[in-house]
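Accompanying notes for the structure given below.
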Amino acid sequence: MVPVSDRIQPDTSAVRLSVPNAQSLGPRFGSGYLLFLSSRGGGDGLWRLDFDNSSVRELWKGSDGGLVAPGLR
C-alpha cells in the first residue's frame, strides 16, 4: 500500500499489508478499510481489513456460497 499524496511517493513509502489468510484476491479499498476474497478450504468468502486497528474479520463465509468478486455497498 502506498499513501495517497499530491506528489510522487518514493519506493520506501510503500507498506506491505499483512493478512492472516493463505491468499487474498480482488482487493477493493474503502474509506479506512480493504475488502478482499479469501477462503478457508472452500469457496472464497469476503473479508475486511480495518486500517485503524489492523483487525481482519470475515463478512461472508465461503461455505455459504462462494463469491466471484468483492463489492462495495
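What number of residues within the range 28-70 satisfy the criterion of being in a loop (DSSP other than H, G, I, E, B) and modelled with pLDDT under 80?
The number of residues fulfilling the criteria is 12.
Regarding ARG73, is this residue at pLDDT below 75 and in a loop (DSSP other than H, G, I, E, B)? If you could, list the steps in order and put the result at the bottom.
Details: at pLDDT below 75: yes; in a loop (DSSP other than H, G, I, E, B): yes.
Judged against the criteria, ARG73 is a match.
I'd like to verify a number: residues in the range 34-63 that are under 20 Å from PRO3 (Cα atoms), surrounded by 13 or more Cβ atoms within 10 Å (Cβ to Cβ) and among the charged types (D, E, K, R), how many?
Total satisfying the criteria: 2.
Quick one: is GLN9 modelled with pLDDT of 80 or more and part of a loop (DSSP other than H, G, I, E, B)?
Yes.
The values are calculated or read from the model by the stated rules, or taken from the named source; none is laboratory data. Just so it is clear, the structure is predicted and the values come from calculations on it, not from any experiment. Using ideal geometry, Cβ is built from the backbone for each residue, glycine included, and neighbour counts are taken over all protein chains shown.
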